[in-house]
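Take a look at the structure set out below.
The values are calculated or read from the model by the stated rules, or taken from the named source; none is laboratory data. If you're wondering where the values come from, they're calculated on a predicted model, not measured in any experiment. Using ideal geometry, Cβ is built from the backbone for each residue, glycine included, and neighbour counts are taken over all protein chains shown.
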Amino acid sequence: MIEGRFDFNISRTVTVKKVRKIVGKSQQILRSLPLDFYDFVYIDGSHIASDVLEDAVLSWALVKVGGMIIFNDYDFIFADNNLQNSKVGIDAFVAVFYGKIKLIHKSHQILLQKLFP
């Protein structure tokens, strides 16, 4: 269902030929992608804090200086365990990379710009 929605949404854009869909576990796929290559990374997979943090750290080396990293679901809540909320992983990444990033937007999504390698 999610993949079908993705395919449909991409098919309706003018940049469909620029999109290469890669299916797999993000922690494996991100390790196989070229470093310092991407202008934009959108993190929207697992909502578990450790998964979000790992995706962010692996994505860091992939994004060019000046590029953007967007996190989805900053406000997602696990009612039974708040320490696993995606916000915890995102906040940890922002704290560790403080000074190397610029916060552009913060609400349901977090938009960061990479300032330094």
Q | Sole residue being modelled with pLDDT of 95 or more and either surrounded by fewer than 15 Cβ atoms within 10 Å (Cβ to Cβ) or among the basic types (Lys, Arg) (or both), chosen from ALA95, ALA79 | A | ALA95
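Within the bounds of the range 47-65, is there any residue that is modelled with pLDDT under 95, within 22 Å of ILE2 (Cα to Cα) and not in a strand (DSSP E or B)?
Taking the range 47-65 as the starting set, the residues that turn out to be modelled with pLDDT under 95 are 47.
Of the ones still in play, those that are also within 22 Å of ILE2 (Cα to Cα) are 47.
Narrowing the set further to residues that are not in a strand (DSSP E or B) leaves 47.
Yes, some residue in the range 47-65 is modelled with pLDDT under 95, within 22 Å of ILE2 (Cα to Cα) and not in a strand (DSSP E or B).
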Q.
Show the residue pairs meeting these rules: Cβ distance below 8 Å; 6+ apart or different chains; first residue within the range 1-21 and under 17 Å from PHE40 (Cβ atoms); second residue assigned to a loop (DSSP other than H, G, I, E, B) and not β-branched (Val, Ile, Thr).
A. PHE6/LYS21; ILE10/LYS21
Q: Name the one entry in LYS87, LYS106, LYS102 that is closer than 26 Å to VAL23 by Cα, modelled with pLDDT of 95 or more and over 11 Å from the mean Cα position of the chain (by Cα).
A: LYS87
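Would you be able to tell me the number of residues in the range 10-35 that are surrounded by 10 or more Cβ atoms within 10 Å (Cβ to Cβ) and either assigned to a helix (DSSP H, G or I) or in contact with a strand residue (DSSP E or B) (Cβ under 8 Å, 6 or more places away or on another chain) (or both)?
Taking the range 10-35 as the starting set, the residues that turn out to be surrounded by 10 or more Cβ atoms within 10 Å (Cβ to Cβ) are 10, 13, 16, 19, 25-27, 29-31, 33, 35.
Next cut, either assigned to a helix (DSSP H, G or I) or in contact with a strand residue (DSSP E or B) (Cβ under 8 Å, 6 or more places away or on another chain) (or both) only: 10, 16, 26-27, 29-31.
Of the residues in that region, 7 qualify.
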(Q) It is to be established whether one or more residues within the range 81-95 are out of contact with any Ser or Thr (no Cβ under 6 Å at 6 or more places or on another chain), over 18 Å from GLN27 (Cβ atoms) and aromatic (Phe, Trp, Tyr). (A) no
Q: Give just the number: which of (1) more than 13 Å from HIS47 (Cβ to Cβ); (2) under 12 Å from the mean Cα position of the chain (by Cα) does ASP73 not satisfy?
A: (1)
